[in-house]
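Worksheet: the structure to be examined is printed underneath.
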Amino acid sequence: MHQRPIGTATRGTTNPNRLRRMDRWIAATHGPALRRSDSPVAVDLGYGAAPWTAVELLERLRAAEPRTAVVGVEIDPERVAAARPYAREGLTFVHGGFEIPLAGRPALIRAANVLRQYDEGEVAAVWHRLCARLAPDGLLVEGTCDEIGRRHVWVALGPEGPRTVTFATRLGSLERPSDLAERLPKALIHRNVPGEPVHAFLRDLDRAWASASPYASLGARQRWIAAVRAVSADWPLTDGVRRWRQGEITVRWSALRPEA
């Protein structure tokens, strides 16, 4: 008997190139795991009303591991039907939800802009369900971005649970780092208040950004690198200058985990 998909349909909003920052990070940080996998399958969960993000994910991951296959999973059957003409070698589309209706365990599940419509109290159960579907060396990336992909925040989780939080932005459009707060994933967006770790982190990053203003004459990238280097003295970052130059900063989940 076919299992009824778990979850509810998203608004379906999507745009080409919207998830490029997330994809770039996945390819760079998870590429070695894809290459180690006997069958590197990536899931684009809730790709929306058009299949662009799944098409682009395949292209970007194949640059890291040419054997990678992508499965677009959508809970709305009409969206699946609309996407299937775009299927090709290595790219398929299936009807499903958080149960991830694949025979095997994927090396990657990407869930972008999927959980924003859920209550904060539902996030942990969804994370647990999705992480349980991962291959032993797999990764779940769950986060939110704006409509054109300038600002993006995501949580990376392994089978054991959350590992890191990444903030990524187009530096030329950044007024201050806390502008990214509006794109915090559901697990954190209601926690950007005094007394919560994520609020303290963004406060410290704003202060470091302000202190690095003399670097602005050298460009936003150099200012960002100086600001991130300053906060690295007090916050457990997991990346380095190579990623900072991309307008990113990645922090251990344990440092930003909500209180209580």
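The values are calculated or read from the model by the stated rules, or taken from the named source; none is laboratory data. Because the structure is a prediction, the values reported are computed rather than measured. Neighbour counts are summed over all protein chains in view; Cβ atoms, including those assigned to glycine, are modelled from backbone coordinates with ideal geometry. These accessible areas exclude ligands, DNA and RNA; they are computed on the full protein's heavy atoms, side chains included. Shrake-Rupley method; radii C 1.70, N 1.55, O 1.52, S 1.80 Å.
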ask   = Stretched out fully, how many nm does the piece from residue 117 to residue 88 gain, at 0.36 nm a residue minus the Cα gap?
value = 7.3 nm
task = Please give the FRET efficiency for residue 148 paired with residue 103, using the beta carbon to beta carbon distance and R0 = 30 Å, rounded to the nearest 0.05.
result = 0.25
task = Sticking with the crude label model, points 7 Å out along Cα→Cβ, report the distance from residue 218 to residue 59 in nm, one decimal please.
result = 3.4 nm
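Using the beta-carbon distance between residue 190 and residue 211 and R0 = 41 Å, what value does 1/(1 + (r/R0)^6) give for FRET efficiency, to the nearest 0.05?
Details: r = 29 Å, r/R0 = 0.70.
Computed FRET efficiency for residue 190 and residue 211: 0.90.
If you count the DSSP beta bridges with both ends in the range 34-183, what percent of them are antiparallel, to the nearest 5? Walk me through the intermediate numbers first.
Working: 15 of 33 bridges.
Rounded to the nearest five, the antiparallel share is 45 percent.
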key: the chain: angle of helix 120-132 to the longest principal axis, Cα-based, in degrees nearest 10   = 60 degrees
Neighbour cut-off at most 12 other Cβ (10 Å), DSSP loop, GluC sites (Glu not before Pro), the range 1-92 = 89
ask   = What does the accessible area per residue of the chain come to in Å², with a 1.4 Å probe and no ligands, DNA or RNA counted?
value = 44 Å²
remark   = per DSSP, antiparallel bridges as share of beta bridges in the chain, % nearest 5, sits at 55 percent
ask   = Relative to the longest principal axis of the chain, what angle (0 to 90°, nearest 10) does the C-alpha long axis of helix 52-64 take?
value = 80 degrees
note = Dividing the helical contributions, -39500 (n - 2.57) per DSSP H run of n ≥ 4, by the residues of the chain yields a 222 nm value, nearest 500 deg cm²/dmol, of -10000 deg cm²/dmol
ask   = So, in Å, what gap is there between the alpha-carbon centers of the range 69-94 and the range 182-198?
value = 33 Å
ask   = Taking the Cα atoms only, what angle lies between the long axis of helix 20-36 and the longest principal axis of the chain, rounded to 10 degrees?
value = 60 degrees
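Sorting 211, 232 by accessible area (1.4 Å probe), largest first, what list results?
Working: 211 95, 232 50 Å².
Of 211, 232, the descending order of accessible area is 211, 232.
Restricting attention to the range 13-75, which trypsin sites (Lys or Arg not before Pro) occupy a DSSP loop and are surrounded by at most 15 other Cβ atoms within 10 Å?
Details: sites: 18, 20, 21, 24, 35, 36, 60, 62, 67; in loops: 18, 67.
Qualifying residues, ordered by number: 67.
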ask   = With each pseudo-label sitting 7 Å past Cα toward Cβ, what's the residue 234-residue 8 distance in nm, one decimal?
value = 3.9 nm
Share antiparallel - DSSP beta bridges, the range 18-99, percent rounded to 5 = 10 percent
inquiry  = Counting only other residues whose beta carbon sits under 11 Å from that of residue 46, what net charge do I get with K and R as +1, D and E as -1?
reply    = 0
key: Sulfur and carbon atoms: percent of accessible area, the chain [1.4 Å]   = 50 percent
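Taking the range 146-187, which GluC sites (Glu not before Pro) meet the DSSP loop condition and have no more than 12 other C-beta atoms within 10 Å?
Working: sites: 147, 160, 175, 182; in loops: 147, 160, 175.
Answer by residue number: 147, 160, 175.
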